[in-house]
Structure formats: C-alpha cells, structure tokens
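Take a look at the structure below.
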Amino acid sequence: MKTNERTGADDSRMFKKSVVAVYETETFFDLLKDVLHPGGLQLTKRALETAQVDKHCTVLDIACGKGESIFLLAKEFGCRGVGIDLSFPKIARATAGTKEKNFDTGFSFLVSDAEVLPFADGVFDVVLSECSFSVLPAKRKAASEIARVLKPGGRLVITDIVLKTVDDGSLPDNTAASTGLTLPCIGGAVSVAEYIEIFKESGLYDAYTEDHSKALKKIGYQMALSFGGLEEFLQTLSSELCCTSRKEGTESLCRIEPNRKTAASGKPGYALIRVTKPRY
Ligand SMILES: C[S@@+](CC[C@H](N)C(=O)[O-])C[C@H]1O[C@@H](n2cnc3c(N)ncnc32)[C@H](O)[C@@H]1O
C-alpha cells in the first residue's frame, strides 16, 4: 500500500472526525479567519482562471469550508454548482452565508465525504479543492470519485500543501520537535509528483503546476506574530482540541496527526495543480 492510504472503517471515521475538529477550532479561526488556505481568495481566483471557469460552468468545491470560494465563484465568475464538506457547522455557516448575500449564488451546500461523492457520473465541468486533498486519508479514492463526476474535458484544480525534497538531510522547518505534532494538512501532504501520479491513475492527465510556497511562508509569519511560532500554535490548538474532546467524550479528538512522513522526507511547500479528464 502506498503512503497516506488508510484502511479500517472505524479508524478512518475517527481519523476524519479528528481532522474536521481541527479546522473547526477557534485557534484556526484566529489564524486564518474564514478562508482556510494559504494565498486566500487571490489564489482561489488564480486557480479558477487556470481551470478556465466561466459562467457556463457547473463547479464542485470539495471540502468547501464556510463557502468563501463559492461566493467568489458565484459573484465573479457567475457560475453554479455545489459545495461539500464533512463539517456540519461549516456547511451550516455556508448555507446561512448564501441567504445573507443579496444575489442568487446558484450554489447549494451539502455535508458529504469527499471520498464518496453523492453525484451522478459526468455532471461537473470543474472540481475545485483548496487545502483539502492533503487532509484526505484515501487520496486515490477521492481522485477516482472526482474523475467519475467530471464531464469529459472537465478539469480538477487543487491548491495544496506539498512536500518538497530536503537534500541536505536537515529536519524540515515544519516540525514541532518537542511535541511531535503537526497539522493534518502537513502530515497528509505528498509531493507534486505523487499527486500527478495519483491523478493519472484515476484518469486525469495533462498536469499543469505552479509553485505558491510563498503563500505558505506568509502564514508562517502570521503564526509567529499571533502565537509566537508553529510549536506554540500547535500547543494552543492541542489544548483546545483536548477541551473539546473532554466535553464530547471523544478522546481521539485530542490527537493531532504525528508528523511522520514530513519529518522523514520533505519540507512543506504550496502548489497549484490542474489536471484534465480526456474527452474520449
Ligand atoms: C484546510 S480546510 C480548507 C477549507 C476550504 N477549502 C478553504 O479553503 O477555506 C480543510 C477542510 O476539509 C474538510 N474536510 C476534512 N475531511 C473531509 C472529508 N473527508 N470530506 C470532506 N471535507 C473534509 C474540513 O471540514 C475543512 O473544512
């Protein structure tokens, strides 16, 4: 089995619950507010442009969070579609956001797992995924689901944490050495080459990539300003998750995925990757 693929229904359910809980924390909100990916909506716009989104497109946003990218899609690109996320509070917020807008967004929101898409084959022109593929335990399953729901000629565009090779043998700078903790998006990251391979195996080709690692660095600066650094941020996050788990009686929410793979093989960067489903 390749890295980052998990098995076992219970294990997978608990893992996903823990991941979702991380991005629902106030600590995360304090750092990034409502747009939970490096580069903000400026990078969202760039991703949508590279996927040639226009008003005729039907778009699916995988793990859409509170729907900020969808509101941009509706307002600036005039297209329609669906946003899904596994977090109930996030989808509730996104749905409320739709009602608060003074324009018809043309989008609906659904609580759903990105690895099992509740859509028929070939219905979307574009699938967007921002800082979300990295948190998915079964990336191949998600990629083949995306390939299934895309129309022939449809595009998948992701922006996500990626692993860059460390050739000097030093520890990567994302490691909170004393805690052994990291964020799901960093712990679950793979390299650009691995993403391209996963997409190819699912029938998505013609990869186009851009490096946006500077956007990740900016978040590092924000972390330093607001919390003192990554380690302090992770400690605050961990304490909040422990409080939540005590209240809910769900011990596993305490855990932030250990920084196994990243520590071993790479520094985190941020990249845009676009792939296409062939027409024939
Ligand atoms: C880093 S946030 C990115 C959110 C949004 N794309 C954005 O850029 O603001 C990751 C999101 O993935 C969602 N998520 C985690 N696991 C998921 C899964 N298996 N299926 C769908 N959404 C998931 C979380 O609830 C969270 O909203």
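The values are calculated or read from the model by the stated rules, or taken from the named source; none is laboratory data. The structure displayed is predicted, hence computed values, not measured ones. Methodologically, a virtual Cβ is constructed for each residue, glycine included, from the backbone with ideal geometry; neighbour enumeration extends over all protein chains shown. For the accessible areas, the whole protein counts, side chains as well, though only heavy atoms, and no ligand, DNA or RNA atoms are used. Shrake-Rupley method; radii C 1.70, N 1.55, O 1.52, S 1.80 Å.
What the table shows:
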| item | result |
| --- | --- |
| For segment 9-276: accessible area per residue (Å², 1.4 Å) | 44 |
| Given charges at beta-carbon only (K, R positive; D, E negative), |dipole| of segment 26-163 in Debye | 200 |
| For residue 164, residues with placed amide H under 5 Å, excluding near neighbours | 267, 269 |
| Backbone HN-Hα couplings from phi across segment 29-40 [Karplus 6.51/-1.76/1.60, Hz, Gly and Pro as x] | 4, 4, 7, 10, 6, 8, 9, 8, 8, x, x, x |
| Calculated on alpha-carbon atoms, Rg and Dmax of segment 14-170 in Å | 15.4, 54 |
| Accessible-area composition of segment 9-276, carbon plus sulfur, in percent [1.4 Å probe] | 53 |
| Convex hull (Cα only) mean projected area of segment 9-276, reported in nm² to one decimal | 13.8 |
| Among 152-165, 46-59, the order from most to least packed when residues are scored by Cβ within 10 Å on average | 152-165, 46-59 |
| Distant-in-sequence amide H partners of residue 81 (H built 1.01 Å from N, under 5 Å) | 59, 107, 108 |
| Only Lys, Arg (+1) and Asp, Glu (-1) charged, at Cβ; segment 9-276 dipole about Cα centre in debye | 340 |
